[in-house]
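The values are calculated or read from the model by the stated rules, or taken from the named source; none is laboratory data. Small disclaimer: the values here were computed from a predicted structure and weren't measured. Here the Cβ is made from the backbone with ideal geometry for all residues, glycine too, and neighbour counts use every protein chain on show. Ligands, DNA and RNA are excluded from the accessible area calculation, which covers all protein heavy atoms including side chains. Shrake-Rupley method; radii C 1.70, N 1.55, O 1.52, S 1.80 Å.
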Amino acid sequence: MTSPLDSKLDGVLGGRTASVLKKAFGHVTVGDFLTHYPRRYARRGELTALAELELDTDVTIVAEVLQVTERSMKAKRGSIVEVKISDGHGILTLTFFNQPWRAKDLKPGKRGIFAGKVGDYRGLRQLAHPDYQLFPDAADLPDLDSPDSKAFALHPIPIYPASASIASWQIAQAMELVLDSVPTLDDPVPPSVRRERGLLSYTRALELIHRPTKDSEWKDARTALRFQEAFVLQVALLQQRAFLKATAATPRSAGPLAAGFDRSMPFTLTGDQNLVGEEIAHDMASTAPMNRLVQGEVGSGKTLVALRAMLAVADSGGQSALLAPTEVLAAQHLRSIVANLGPDLAARMRPTLLTGQLPVAERRKALLAAVSGSAHIVIGTHALLGDSVSFFDLGLVVVDEQHRFGVEQREALRHKGHRPPHVLVLTATPIPRTVAMTVFGDLDISTISELPSGRQPINSYLVPHANRRLVERVWERVAEEITKGHQVFVVCPAIDPTTAEPAEENAPSLADDSASRATLGTTKKSKVSTPSAPAPPAAPIANVTAVTESLRAHPLLQKARIAALHGRMPGETKDEVMRAFAVHKIDVLVATTVIEVGVDVPNASVMIVLDADRFGVSQLHQLRGRVGRGGVPGIALFVTGAEENSMAWERVSAVVSTLDGFELAQRDLELRQEGDVLGSIQSGGRSSLRLLKVATDGDIIADAREIAAGLLDRDPDLAGEEPLREALARRLSETEAAFLAKN
């Protein structure tokens, strides 16, 4: 029987309202709309702090009418009604053109909810043609101290995420109709679990989160719905993990190739490398496919651990595919693997590169080497996922920098094996525990926290763009390092004044936030406290083209060999530039984030990031990790024009304050409030989180995971949990549903 949650919205609300909700928020079914939870609750007796409103943003506020004036327009016929509203401190102006009846509706002393976009007119904040809903008068209530009067003033009013096409109270009115139409719903959380934790039923929780009469009701509702969200998600992840382990894989054990490589290594593995290597060897010797994530600091030796696993696969005659996010990194991996293997072993393993920009003849050779099995290691970018790519015996899939790919990309490569291959996922972006339980909850996780001996400390500094002397000192330091025989990275957020660095065959990083993907030439939203003059034009964004020209003209760098690198260059050109930098034919490399991960130039001593506030915490930490990789101490200089104590400033300051990537990952999560941490961009199809906050709800997630694991142990097919099966079907994306069906 079809669940009421699967009913179409247009059948309840009518086609017009349903169409607006679909266009604004993507809601199609009753179940979609019911998860459009209030973002906060207002009261008739409370006013919104107008000083906290942001320019050029859609807002929904509670305020009181102070003054209403009407005047004729000078340039043309008609009138303007101006209404001043206040929170008791600041004042905001509402402006209505040719709507004189507003003066009769909006009278001084009236309170209500007002919605619109905060604009600036001659230094004064205003809402032009806002929507509003006035509160009923409380004049007929007995007195202000009566219970009825207090209940009227304190009654929580849901404030929903809204848009220009539909206001918060219009969403609330639609929600009333939907709630009245929904019968008692089956609860995906087992009754025994709800009783033990004192949780509201699903139906009651939905009622109270949308129509509370007091604060304790919506708080209890959020608790129940947050747990339900965590529980359904963890069941989905653990079920996916169980499906994987139930399939049959070919065991792969180390033999002469792997043993010979270990004997020839000129250094000793760290304790963490040995431990993680043993975990991988144990997994790969099993008839169930390995599905393991290895996380570790920048430069901790994850790729070496992966190479040892590839050799074990080759010992059994199998092949390994290494998926890298960029052509620069894929080429770097090829050179590094060939160097580590040595000439004899490299000739036997025949590492082969396959990228989208290979010449046709080279591509054909690579495809033949993969399908014939003569290449035991195939390294490539997104091109590895193409239909024309086949393998003779794919035994191991290695995904480097997993946060740059989606789930479906990992699965597309995995399904190229005749039998399910083992999967090893690498990330130098440390993952907070709660994120690991959600985004990567279907993987076993290993951690390499030790750094190999010889890694040098990196000193990090924040350089305010307004301090011209400090900025000039940055370039003086560059000249000094070049004189010492060292090399320098200079990273910009854009290629030229109008072109951002393209996403190269991958999705954005999990840790990237909105600032790191800011549109070029726009200003950041700023807090408004008092009327002021219009903001000055945005400063030009640092870009590779302009910075390269500027450095070549700098008096201190006249003799320096300076080159540019960015994602719009042909693959061969990028590789030539990186090769030249690696052998010190280039002193200063001005680049975009194509050098963010995996690039290894031991002689590089300085990393300069311009407009550092436009990058995420993870990106800044990754970029910093490009220096201090040899016997040369590293220096990272983050130049920023962000306002002191702003969110952007805090983000850069956090990176400067510590070299601990795990600490930074947690700090980043707290700063970003994770938002769409399970959105389609980051994880390949999972719906966004609604109420669950991975930054703060670690205990809830862990509790839900433990209960989910116990339930699946007792009832792997969820035969006795029909409501849970229905919730899973609604929760999973089409991509994930297809994945589960294949397994």
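Return the carbon/sulfur percentage of the accessible area of the chain, one whole number, probe 1.4 Å, all protein chains in place.
So the carbon and sulfur contribution to the accessible surface is 52 percent.
Rounded to whole Å and ordered largest first, report the semi-axes of the equivalent ellipsoid of the chain derived from its Cα gyration tensor (root of 5λ). Present the calculation step by step, with values, prior to reporting the outcome.
Details: eigenvalues 514, 264, 88 Å².
Largest first, the chain gives 51, 36, 21 Å.
Mind checking the per residue accessible area of the stretch 1-110 for me, 1.4 Å probe, whole number of Å²?
Values: 6040 Å² over 110 residues.
Value for the stretch 1-110: 55 Å² per residue.
Can you find, among 573, 316, 659, the residue farthest towards the positive end of the dipole of the chain? Put +1 on the C-beta of Lys and Arg, -1 on that of Asp and Glu.
573
Just the number please: accessible area per residue for the stretch 541-616, 1.4 Å probe, all protein chains included, in Å².
For the stretch 541-616, the solvent-accessible area averages 37 Å² per residue.
For the chain, take the longest principal axis of its alpha carbons; what is the angle in degrees between that and the long axis of helix 271-284, to the nearest 10 within 0 to 90?
Helix 271-284 and the main axis of the chain meet at about 90 degrees.
Normalising by the residue count of the stretch 200-328, find the relative contact order in percent from Cα pairs under 8 Å and 6+ residues apart.
In percent, rounded to a whole number, it is 26.
From the helices alone, meaning DSSP H stretches of at least four residues, give me the mean residue ellipticity at 222 nm for the chain, per-run term -39500 (n - 2.57), in deg cm²/dmol to the nearest 500. Spell out each step's value before the answer.
Working: 26 runs with 289 residues, N = 743.
Dividing the helical sum by the residues of the chain leaves -12000 deg cm²/dmol.
If you average the C-alpha positions of the stretch 1-36 and of the stretch 255-333 separately, how far apart do those two centres end up, in angstrom?
Answer, in whole Å: 48.
For the stretch 350-474, report the accessible area per residue in Å² (1.4 Å probe, heavy atoms, rounded to an integer).
Computed with neighbouring chains in place, this is 39 Å² per residue.
What relative contact order, as a whole-number percentage, does the stretch 558-670 give when Cα pairs under 8 Å and 6 or more residues apart are counted? Could the numbers behind the result be given before it?
Details: 157 pairs, mean separation 25.2, N = 113.
Once divided by the residue count of the stretch 558-670, the mean separation gives 22 percent.
Helix 468-483: angle to the longest alpha-carbon principal axis of the chain, degrees 0 to 90, nearest 10?
It is inclined by approximately 10 degrees.
Let me check against my output: what whole-number percent is the relative contact order of the chain, with C-alpha pairs under 8 Å and at least 6 apart?
Across the chain, relative contact order equals 14 percent.
To test your reading of the geometry: what angle, between 0 and 90 degrees and rounded to tens, separates the Cα axis of helix 168-181 from the longest principal axis of the chain?
On a 0 to 90 degree scale, this one is about 90.
From the P(r) of the stretch 1-96, can you give the percent of Cα pairs sitting at distances over 18 Å? Please list the in-between numbers first.
Details: 3000 of 4560 pairs.
That tail contains 66 percent of the Cα-Cα pairs.
Taking the Cα centre of the chain as the origin, how large is its charge dipole in debye, to the nearest 20, when only Lys and Arg (+1) and Asp and Glu (-1) carry charge on their Cβ atoms?
Approximately 1620 debye in magnitude.
Quick check on the stretch 286-398: take the gyration tensor over C-alpha atoms, sort the square-rooted eigenvalues as a ≥ b ≥ c, and tell me if it's rounded (a/c under 1.5), prolate or oblate.
In terms of gyration-tensor shape, rounded.
Using the crude model of +1 on Lys and Arg Cβ and -1 on Asp and Glu Cβ, and no other charge, please compute the dipole size for the stretch 1-118 relative to its Cα centre, in debye to 20.
Roughly 580 debye, rounded to the nearest 20.
Could you run the Karplus curve 6.51 cos²θ - 1.76 cosθ + 1.60 with θ = phi - 60° over the stretch 76-82 and give me ³J(HN,Hα) per residue in whole Hz, x for Gly and Pro?
8, 6, x, 9, 10, 9, 10
Hey, how many Å between the Cα centroid of the stretch 409-439 and the Cα centroid of the stretch 51-79?
So the separation of the two Cα centres works out to 52 Å.
List, in order, the whole-Hz ³J(HN,Hα) value for each residue of the stretch 230-235 obtained from phi through the Karplus relation with A = 6.51, B = -1.76, C = 1.60 and θ = phi - 60°; use x for Gly and Pro.
With the stated coefficients, the stretch 230-235 comes to 5, 5, 5, 4, 5, 4 Hz.
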